[in-house]
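For reference, the structure is listed below as structure tokens.
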Amino acid sequence: MTVALPRWRVAPGCGHRIAPGDRRPADDAAWTGVVRLLLAWLCALLSGAGLAQTVDPLRAVADRNGEISASIAATVQAVNEPAKALAELRRERIDLEQRMRWVERRASVQALGQEFAQTLREYLRSLPTAEQAVASRQRRIELLATASDSQLAVERALHRLEDPDAVITTLLAKAHPPVSEEERPQLLRALAAALRQQSELLQRLAAEQERLRKTLNEAGEMADALLLEADAARQELTELLFWTPAPPSARTLAELGPALRWTFSPSHWQESVELLRAEIVRQPLWPAAAVLTAGLLLALRGRLRRLLQALSPAALPADRYKVRHALAALAVTCLLALPLPLLMWTAAGPLLRAADSQAFTAALGDALLVVGRLLLALLISAWLLDPRGVAVRHFGWDASLVAATAHGLRRLTTVFVPLMLIAAMNGMAHAPFANEESLGRVALGLSALTVALFFLRLLLSGSALMRRFREYAPRSWAVRLRPVWMLFLVGVPCAVAALALAGYIVAAGYVFSRLVHSLFLVLAAVVLYGLMALWVQIQRQRLACERIGVGAGEGRPPGAAGLAAAVAPAAAGVPRPRLDIAALGEETRSLLDFVVTLLLVGGLWWVWRDAVATLGVITDYKLWSYTEKAGGKEVTHALTVGRLLLAIVVLVITGIVVRRVGALLDIILLQRLDMQADATYAITVMTRYAIAAIGIVAASRLLGVGWEDVQWLVAALGVGLGFGLQEIVANFVSGLIVLAERPIRIGDVVTVGDVSGKVARIRARATAVIDFDNKEVIIPNKAFITSHVVNWTLSNQIIRLLIKVGVGYGSDIALVQRVILEVVQGNADVLPEPAPSVFLVAFGDSSLDFEIRAFVDALDKRLRVQHEINQGISRALQERGIDIPFPQRDLHIRSLPEGLAAVVGSGAGGAGTGR
């Protein structure tokens, strides 16, 4: 059954629509201009009411009354037009409500066919748009401003007429010739009556102006309400069209032939060319400028290519290359890609402006406008990946890696763009509905399959791109996740083609267009990342060159001239500025990743922002229900697919922020506060824990998981922690205490048990300490809280040296003390405060024992200073003849065997007494 419904058209410049058989309203611009001129003239007239110079006062007042009467009639006529528009808006609103009720009744029927889809499309195309509403709202604002000024003029005139005697006196004073005394009484009565009539007329005029103002306000409110209802209807109709299929049938194949004839008809193309020529002749300025610009760019194509090469780092001195050269190269890339899209846009404008354009001409204009943007993005991408382009010359990408991609992208353009042009022409509102269901779906499906084939050729295991990737970075994500990339980049376009061929043409077009936008958005994010990273690297190279220049300047030591001379050619021969991500540093890369990821997520959200409403059938699907108490009552909520996806998005964003917030805080905030490394680390860790907790709680609330749902789990965990996980929890809590109280910090030298070394990292469970053998020792955080810990550098790094020196008995004690103290004080690394000291502390078995107490300002100086002091003391004591004895023992023999005693006795007699 065919539903007979009128196809609505848009009245030019209005926010409402009229049916084909209705009377077309008068030209809005014409009556609007009449009202403006009328009200402006009325303001000028009434601004001097009662004050203009006249010859006959009575005639002047009468003429003015007649003019006010004419103004009343004109105002009444001016009110009629917005009143008619208001009635039309009300009728449209009622009609829209009736249509949507009919749609809801029909949508409740499960079996929805092609006729229903066609009706929905007609309804959708007849809805008012925001652009039309903006234009009509602006006209109403201008009319309201003019009416308000006129009302103010009328109020001023009425205010002057509140004192008629003063007005009459003014009129009589300006009368020429002067009024005689005999005529004066009669003239006074006549003027008073005329002024009373003028006051009544002004009051009527003020009432009509107030009615005009109210009518304009009501029309504005009605238009806004209609636009809101139209937006809601558009969302509902789009959602229905999204899931209302038009399966292919014999009728679809039969309509394919007429659609092909309509698309490629020579008469249609000839008619479009004639309309284009006539429109260009009528308004030649902008089309001629665009054609000349495109021709000039084509003529200068060779020079632009040479300029692109001249802007590369290899063609410039290393110290002259700046980021502006990369930006200029991007601009040249856009100019190289611009001519053909510019010609398409130049043709689209006149075709859309043509007053007597047919359906084919309007569809061609819309298609050229849309496909021109697509072609520009494809050509810019191809030039970016060209071996002479920005990606290779400025960003340092491997030329062989992108050459295959650029070549495949150009081949894709030659097939993909014509198919999209055919799909756009047959999918626009001006094309017959049968075209969209036949040729439109076929062209869209082939376009999606073309994109799938492009990515399939790129990601095949034996492709040039993947072979180069395996050689260049065999462990990269691009190689390890190749099946995932292939499943997404090949599977999604194939799914779009399947949707289109299955009859879900609206869903296929919606998803495919946003996928294409998303791919180009990802490419733009990669280019932005490359520019930011290139700027950072150039700034670092500039600072390095400045440091070399300062080192080679005045005040250099002797022999530095030769070094500077050697540095100059070395600096001249350094590699040209070329982006090297690995050389940027972890913090810089993290910050760039965070900023670009944030911008990319925002851009993708903007592209897919209306997908949540459009995919309502999927996102509103209920997975399970849960109840919660609100105000003492149990409320049942449903967990939908949309809430589940939103919770996943929250968790993903939380993970990204937790990973990148450290670099962001360090670069943007913490370095400016001049804080120590351990304090910045503590703030970073606590911030990460806080963000992770907030993200988990937010995701849990989206999933309907509250405290009452997890309190049993917390209780169970408490029991488990008391037995099996207590050490892990103890270490975690101890880590939080260490970060909060800071008994140890990164870089401190500590002794824990028998381990001494420098603190390298403090993590949630354990702390890494690098000992003096350069071994990394992992110590649980609990040891720093419950064990005895020596922090050699907690409050300050001043440390005492305790050195013992022994001299022989009989040495001059005062001299020894003075010599040792002079040696200690002569060492530059020994602190004057606290002052070093030397004391005789013991009488040893073989020596007089002195003890030296001296202080140094760093632990790493301890061994070196101790060595220098010992060396200096040894040299000073030798110079003064003071012995440093070695240990001595006396041996007393009481009894020996006779044979051994004789031997010892003879040996003792020959060698003398020994000890």
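The values are calculated or read from the model by the stated rules, or taken from the named source; none is laboratory data. The model shown is predicted, which means the values in this text are computed figures rather than measured ones. All Cβ positions, glycine included, derive from the backbone under ideal geometry; neighbour counts span all protein chains shown. Surface areas here come from the heavy atoms of the whole protein model, side chains and all, with no ligands, DNA or RNA. Shrake-Rupley method; radii C 1.70, N 1.55, O 1.52, S 1.80 Å.
The single condition among (1) modelled with pLDDT under 85; (2) under 20 Å from residue 727 (Cβ atoms) that residue 747 does not meet is (2).
Okay, residues lined up against (1) touching a Phe, Trp or Tyr at 6+ places or on another chain (Cβ under 7 Å); (2) open to solvent by 70 Å² or more (accessible area, probe 1.4 Å); (3) at negative phi:
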| position | (1), (2), (3) |
| --- | --- |
| 232 | no, no, yes |
| 245 | yes, no, yes |
| 251 | no, yes, yes |
| 258 | no, no, yes |
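Contact map, region 637-651: residues that are in contact (Cβ under 8 Å) with a residue 40 or more places away in the chain and outside any helix (DSSP H, G or I) paired with residues that are surrounded by fewer than 17 Cβ atoms within 10 Å (Cβ to Cβ) and hydroxyl-bearing (Ser, Thr, Tyr), Cβ distance under 9 Å, separation 6+ or inter-chain. Pairs shown: 637/625; 637/626; 637/627; 639/625; 639/626.
In region 843-859, what residues are open to solvent by less than 40 Å² (accessible area, probe 1.4 Å) and in a strand (DSSP E or B)?
Step one: filter region 843-859 for residues open to solvent by less than 40 Å² (accessible area, probe 1.4 Å), giving 844, 846-848, 850-852, 854, 856, 858-859.
Hits for region 843-859 are 848, 850, 851, 852, 854, 856.
Among the residues of region 443-487, just one is out of contact with any helix residue (DSSP H, G or I) (no Cβ under 7 Å at 6 or more places or on another chain) and under 30 Å from residue 253 (Cα atoms), namely 453. Any residue in region 766-786 that's at pLDDT 85 or above: show its pairings with residues that are basic (Lys, Arg) at Cβ separation under 6 Å, as long as the two are six or more apart or on different chains. Within 6 Å, the pairs are 768/761; 770/758.
The single condition among (1) within 21 Å of residue 865 (Cα to Cα); (2) assigned to a loop (DSSP other than H, G, I, E, B) that residue 811 does not meet is (1). Among the residues making up region 753-784, those that are among the hydrophobic types (A, V, I, L, M, F, W, C) and within 44 Å of the chain's Cα centre (by Cα) are 759, 760, 762, 764, 766, 768, 769, 770, 777, 778, 779, 784. Of the residues making up region 55-91, those that are closer than 22 Å to residue 203 by Cβ and of a type in the set (Gly, Ala, Ser) are 60, 62, 66, 69, 70, 71, 73, 74, 78, 83.
Here residue 297 fulfils each of the conditions (1) touching a helix residue (DSSP H, G or I) at 6+ places or on another chain (Cβ under 9 Å); (2) surrounded by fewer than 14 Cβ atoms within 10 Å (Cβ to Cβ) apart from (2). Only one entry of 759, 790 meets the criterion of being out of contact with any Leu (no Cβ under 9 Å at 6 or more places or on another chain), surrounded by 13 or more Cβ atoms within 10 Å (Cβ to Cβ) and closer than 30 Å to residue 662 by Cβ, and that entry is 759.
Could you tell me whether residue 329 is closer than 27 Å to residue 426 by Cβ, in the same structural domain as residue 531 (by the TED database), among the hydrophobic types (A, V, I, L, M, F, W, C) and buried (at least 18 other Cβ atoms within 10 Å of the Cβ)? Quick ask: steps written out before the conclusion?
Values: closer than 27 Å to residue 426 by Cβ: no; in the same structural domain as residue 531 (by the TED database): yes; among the hydrophobic types (A, V, I, L, M, F, W, C): yes; buried (at least 18 other Cβ atoms within 10 Å of the Cβ): yes.
No; evaluated as a whole, the condition is false for this residue.
State whether the residues of region 187-196 include one that is within 30 Å of residue 432 (Cα to Cα) and either among the small types (Gly, Ala, Ser) or in contact with a strand residue (DSSP E or B) (Cβ under 9 Å, 6 or more places away or on another chain) (or both). The answer is no, given that none of the residues of region 187-196 is within 30 Å of residue 432 (Cα to Cα) and either among the small types (Gly, Ala, Ser) or in contact with a strand residue (DSSP E or B) (Cβ under 9 Å, 6 or more places away or on another chain) (or both).
Taking first residues from region 294-314 that are more than 21 Å from residue 327 (Cβ to Cβ) and partners that are in a helix (DSSP H, G or I), the Cβ contacts under 6 Å between residues at least 6 apart in sequence or on separate chains come to 294/339; 294/342; 294/343; 298/339.
Just one of the listed residues (402, 442, 415) is out of contact with any strand residue (DSSP E or B) (no Cβ under 7 Å at 6 or more places or on another chain), open to solvent by less than 40 Å² (accessible area, probe 1.4 Å) and assigned by the TED database to the domain that holds residue 503, namely 402.
From 173, 207, grab the single residue that is more than 56 Å from the chain's Cα centre (by Cα) and open to solvent by 30 Å² or more (accessible area, probe 1.4 Å). Give the derivation first.
Details: 207 fails: more than 56 Å from the chain's Cα centre (by Cα).
Checking each option against the conditions leaves just 173.
Checking the structure you have, find out if any residue of region 65-86 is small (Gly, Ala, Ser), closer than 30 Å to residue 171 by Cα and surrounded by 17 or more Cβ atoms within 10 Å (Cβ to Cβ).
From region 65-86, those small (Gly, Ala, Ser) are 66, 69-71, 73-74, 78, 83, 85; that's our starting set.
After this cut, where a residue has to be closer than 30 Å to residue 171 by Cα as well, the list is 66, 69-71, 73-74.
The next check asks that each one be surrounded by 17 or more Cβ atoms within 10 Å (Cβ to Cβ); those that pass are 71, 74.
Checking region 65-86: at least one residue is small (Gly, Ala, Ser), closer than 30 Å to residue 171 by Cα and surrounded by 17 or more Cβ atoms within 10 Å (Cβ to Cβ).
Residue check: residue 871 meets all listed conditions (1) modelled with pLDDT under 85; (2) exposed (fewer than 12 other Cβ atoms within 10 Å of the Cβ); (3) in a helix (DSSP H, G or I) but one, namely (1).
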